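Following: one structure in C-alpha cells, then a few remarks.
Nothing in this text is a laboratory measurement; each read-out follows from the coordinates by a stated rule. As the structure is a prediction and not an experimental result, all values here were calculated from the model. Neighbour counts run over all protein chains shown; Cβ positions are idealised from the backbone, glycine included.
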Amino acid sequence: MELHQRLLLSAALLLAATAAAGADLERLGQLAARGARISAGVWDLDTDQPVAQLAPAQRLTPASLSKVMVAAAALDTWAPDKTFGTSLDAVTAPAGGTVTGDIVLRGEGDATLDETTLWSLAAQLRSQGIHRIAGRVLVERAPFGELACDTIDRCSGLRSSSRAYNAAPSAIGVNYGSWCLTVRAPVDANHATVGGCATGDLPIPLAGSVRVGAQGPALTIERSTDQQGDRITVGGSIAPGEERSVHRAMSDPAAGAGQILRSILLQAGISVDGGVQTTVRAPAAIRRLAHVDGLLLQEQVGRMMRWSNNYIADVLTMGIALARSGTAPASLAEAAHGLVAGNGAIMDSGSGLTVSNRLSAQDLIDVLRHEYRDPRRFPAFYGAFVVPRDAPFDFVKQGSADWLDRVALKTGTLSDPVSVTGIAGFLRKKTGGFMAFAILVNGGERLPQVPLGDALSAARTDLETVLSHY
C-alpha cells in the first residue's frame, strides 16, 4: 500500500483523539467566527498526540503548502544525494572536429539546470576538439513529453509574461524555465545595458531601452510571443550604479534551453549550421559528447521550499510519477494525483498553482509525522524548512524569539478567487523535542479576503502560546 494511502486511512483513528487536545487556538477561532475557513492543528511528535486543533479534517486550498507533499514524496522516492543529468549526444560520430548531423540535448528532469551547466557542456565539446556542428540543436522533450498548460496563469503565460513563476514544467528547461536578464546601470551612462545573465547577448529579440536615473518610471520587462517566437521588451528606469537580475517565464522552456545552448556554443567558438528544434523523442545517439549532473535532490528540495519555486515543484512532481510507475504521466494533474490517494485529499499540481488542490491540516501533519519518523530522510526534509529569523520574506520575520528561532516552516499564499494563507512545519520544544503543525486560512462566503497580516498574526500568536507551554 502506498505511503499516503496508509497515512490517510489512519487519519480517522488519529482524529478520534482530537477531543483530548489540550490547548486552544483562540486567535484563529476568532478569525473563523468572522467568516474565515480554517483548518489547523499542532501535534506532539514525542507523544504522538494532538496538542491543539481547529477543524483539522476540513480540506481547504493549500496554495504553496502543496510543496510540503512534493518534498516528502521526492525524498521517499530518491535518496537525498540523487542527481538528474543533462547530456549532449551526437547522431553521428564526430570526425576532424566536425559533428555531421544534429546534436541532441537530453535531460532527466533537472529542475535547477542553469546556463553555467550549458557552458560546461560546451567546454566539454571544445576539449574534444569539436569546432563545428553541421546540423541542428535538437532538444528532446522526453522523458516527460509535451505538456499542456494546467492553470490560468500558465496558459496566459504562453502569450506573454511579466513574471517568472508561471513557466510550464519541462524535462529540460534552463533558469527554472525562464529567460534570465541582467540590467546594469553605469553611473555615467544615459541608458542601462541589458543582456543575458550568463550568455551576453540574448538569443531572442530585445526591444526598448532602460533609462539611467534616480527618478523615473519603474523598470519594466515583459516577454511576449508571436509566430516568430519569444521576444523581450524593456522600459522604465534604473538608478545609477544599480544592477538587477530578472527572470521572465519562457513560452516553451525546452525550445528556450536549445536557443541558449546554441548561443553559448557560438560564443565558445563552435559554429552551428542549423537552428533549434524540439522533438518528443530524438533518434538514438551514436556518441555521448558531454554530460553534467545537476544539484543534489536535497538542494533542489531546499530551493523549492525556501523560495517557493513552482517550476521545481512541478518538475519534481512529474519525475516522481515517472520514477514510481515507469511511465511518463499524461499530464501534470495525473502526476500530482499520486502525491495523495483516497479519503478526499486532492492534488492537481505540486506547486499549488492549481486552486483545485485540497488538503487539510491533518493531511499535512500526517506527512510531517511520517518524515519525522524516517531517520534516513528526516535531516534532509527538516533542513528544507525555513526558520523565520533567516527567512527570505519579511512578512514572517516578526514576532517573539520563540517564533523567530523555534519554528521551521513553509508558507503558502494566494489571493484569487479567495485569499489563502498557510503555514506548516515543525516547532522545537524547550526540551529539544519536536511538534508538527499546519494552519490553513481561506477566505469564506462571509469573508472572501482575509488580509495576509491578519491571518499570519493570528497563527503566529496561537503558536507562540503553544511554544510558551512546551
Helix axis angle, 452-469 relative to the chain longest principal axis, alpha carbon, degrees: 60 degrees
Label-to-label distance, nm, for residues given as TRP307 and ASP374 (7 Å Cα→Cβ offset): 2.5 nm
Among (i) 69, 55, 45; (ii) 77, 58, 40; (iii) 64, 57, 48, which is the computed Cα extents along the principal axes in Å? (ii)
If you take the charge dipole of the chain about its Cα centre, with +1 on Lys and Arg Cβ and -1 on Asp and Glu Cβ, which of PHE426, ILE260, LEU60 is farthest toward its positive end? ILE260
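What order do you get for 65-71, 329-335 when each peptide is scored by the mean count of other beta carbon atoms within 10 Å, highest first? Show your work: numbers first, answer last.
Numbers: 65-71: 28.3, 329-335: 19.6.
Descending mean neighbour count gives 65-71, 329-335.
Using 1/(1 + (r/R0)^6) with R0 = 35 angstrom and r between the beta carbons of GLU146 and GLU242, what's the FRET efficiency to the nearest 0.05?
Numbers: r = 40 Å, r/R0 = 1.13.
Step by step, r from the Cβ atoms, then E = 0.35.
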Please enumerate, by chain and number, the lysines with C-alpha under 16 Å from the C-alpha of LYS67, excluding those fewer than 8 residues away in the same chain. LYS410
Would you work out which of THR233, ILE204, GLY216 lies farthest towards the positive end of the dipole of the range 197-278? Charges go on Cβ: Lys and Arg +1, Asp and Glu -1. GLY216
Largest-first semi-axes in Å of the equivalent ellipsoid built from the Cα gyration tensor of the range 86-293 are 32, 21, 13
Which of the aspartates and glutamates could a cross-linker span from LYS82 if the Cα-Cα distance has to be under 15 Å and same-chain partners fewer than 8 positions apart are dropped? GLU108, ASP110, ASP293, GLU299
Cross-link candidates for LYS429: which aspartates and glutamates have Cα within less than 20 Å, leaving aside residues fewer than 8 places away along the same chain? ASP24, ASP44, ASP46, ASP48, ASP366, GLU371, ASP374, ASP390, ASP402, ASP405, ASP462, GLU464
For the chain, take the longest principal axis of its alpha carbons; what is the angle in degrees between that and the long axis of helix 66-77, to the nearest 10 within 0 to 90? 70 degrees
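Please give the charge dipole size of the range 348-470, origin at the Cα centre, charges +1 on K and R Cβ atoms and -1 on D and E Cβ atoms. Round to the nearest 20 debye. If you can, show how the numbers build up before the last one.
Details: 14 positive and 14 negative charges, 101 e Å.
Value, rounded to 20: 480 debye.
Quick one: net charge around SER66, please, counting Lys, Arg +1 and Asp, Glu -1 for every other residue with C-beta under 14 Å from its C-beta. Don't skip to the answer; put the middle values down first.
On the way: positive: ARG59, LYS67, ARG358, LYS410; negative: ASP150, ASP314, ASP348, ASP363.
Cβ neighbours under 14 Å give a net charge of 0.
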If you line up the long axis of helix 253-267 against the longest principal axis of the chain, both from Cα atoms, how many degrees apart are they, to the nearest 10? 40 degrees
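Stretched out fully, how many nm does the piece from GLN215 to GLN49 gain, at 0.36 nm a residue minus the Cα gap?
Working: separation 166, 0.36 × 166 = 59.76 nm, distance 5.77 nm.
54.0 nm is the gain from fully extending GLN215 to GLN49.
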Label-point separation, ARG126 to ARG163 (7 Å along Cα→Cβ), nm: 3.8 nm
R0 of 41 Å, Cβ-Cβ distance THR83-SER457: FRET efficiency to nearest 0.05: 0.50
Using the Cα centre of the chain as origin and beta-carbon charges of +1 (Lys, Arg) and -1 (Asp, Glu), tell me which of VAL315, LEU452, ALA134 is placed farthest towards the positive end of the dipole. ALA134
Taking the Cα centre of the chain as origin and charging only Cβ (+1 Lys, Arg; -1 Asp, Glu), how large is the dipole, in debye to the nearest 20? 220 debye
